[in-house]
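The values are calculated or read from the model by the stated rules, or taken from the named source; none is laboratory data. Since the structure is predicted, the reported quantities are computational estimates derived from the model, not experimental observations. Neighbour counts run over all protein chains shown; Cβ positions are idealised from the backbone, glycine included.
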Amino acid sequence: MSTATTASVSTHILDTSIGRPAKGVAISLAARGGPGARWAALGGSRTDGDGRCEDLPDLPEGTTQVRLDFETEAYFNSRREAEAQQDAPRARDSGVFFPEVAITFAVTPGEHYHVPLLLNPFGYSVYRGS
């Protein structure tokens, strides 16, 4: 929860290739107090069945930049295994093109930032949500 001196962050992931939330994706959160400062790892979480991750650690006072790291490789590998068991059509490429997605953005104290990730095996998009 943000206060007047801190910002807060939440996220969710939609797998646009299947039109469903991406469940079980590990997400880590890091913060720093400016462009020249070192990143401080704050911890992380996993997306729930609705693709949401609303329990990320609080940001420390003085945070001006945040980085979300989405571990997408394990998600796509598990999805591929499930499709193979169902005799679904196989993708032309057997590898994971984006094994992780790192998003860095600026924050202002007192604001909440919801940063959705729209993901598919060969592309992604992010935006500031509400």
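Those residues that are part of a strand (DSSP E or B), of a type in the set (A, V, I, L, M) and crowded, with 19+ Cβ neighbours inside 10 Å, I need them from the range 31-59; list them, please.
The answer is A31, and nothing else.
The set of residues in the range 2-19 that are closer than 24 Å to L118 by Cα and loosely packed, with under 13 Cβ neighbours inside 10 Å comprises I18, G19.
Filter the range 95-124 for residues that are more than 20 Å from S28 (Cβ to Cβ) and either in a loop (DSSP other than H, G, I, E, B) or of a type in the set (S, T, N, Q) (or both) and give the result.
Once the filter is applied, which keeps residues that are more than 20 Å from S28 (Cβ to Cβ) and either in a loop (DSSP other than H, G, I, E, B) or of a type in the set (S, T, N, Q) (or both), the range 95-124 yields G95, F97, T108, P109, G110, E111, N120, P121, F122.
Going by the structure shown, is A30 farther than 19 Å from G123 by Cα, among the small types (G, A, S) and touching a residue at least 12 places away in the same chain (Cβ under 8 Å)? The answer is yes for A30. Of G129, G110, all but one fail to be of a type outside the set (F, W, Y), on the phi > 0 side of the Ramachandran plot and either at pLDDT 90 or above or surrounded by 13 or more Cβ atoms within 10 Å (Cβ to Cβ) (or both); the exception is G110.
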